[in-house]
Amino acid sequence: MAAKERANELARNTTLTKDTAVRNKELEFVNSAVFLGITLDNRLQWGPHISKLARKFSSAAYAVKKMRNLSDVETARLVYFGCFHSLMSYGILLWGNAADIHRIFVLQNRAVRAIYKL
């Protein structure tokens, strides 16, 4: 089923499931959906989005560490701002207040320490 044929009922306490059709196609209700690169959970929680970001940031921190071992500080900083900071900045006004944001800050500290070999 195409991603455009799915629905996400956003509510704090959701217990109802509805049969909805658009242009004679039944909509599949999902627990989370990606909209403009941000994962929206049906309970208005940021857990799935933070988990997805944590996986990306872990890879970015590894890339920064490897780049720092192969080159100088400036090149590692370029990799950090290209791979890490740009992802972190996108949508932070929405998800920056999440309860489990600590995971993101730990990965950010790991990347910054790798730049300066701390």
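Bear in mind that the values in this text are calculations on the coordinates, not laboratory data. The model shown is predicted, which means the values in this text are computed figures rather than measured ones. Here the Cβ is made from the backbone with ideal geometry for all residues, glycine too, and neighbour counts use every protein chain on show.
Quick notes on this one:
- Taking a Cβ cut-off of under 12 Å around Gly37, the surrounding Lys, Arg, Asp and Glu residues balance to a net charge of +2, with basic ones at +1 and acidic ones at -1.
- Taking a point 7 Å out from the Cα of Val106 in the direction of its Cβ, the residues of region 48-72 whose backbone N falls within less than 17 Å of it are 48-62.
- Value of Rg to Rh for region 19-79 (Rh from inverse mean 1/r over Cα pairs, i.e. Kirkwood): 1.30
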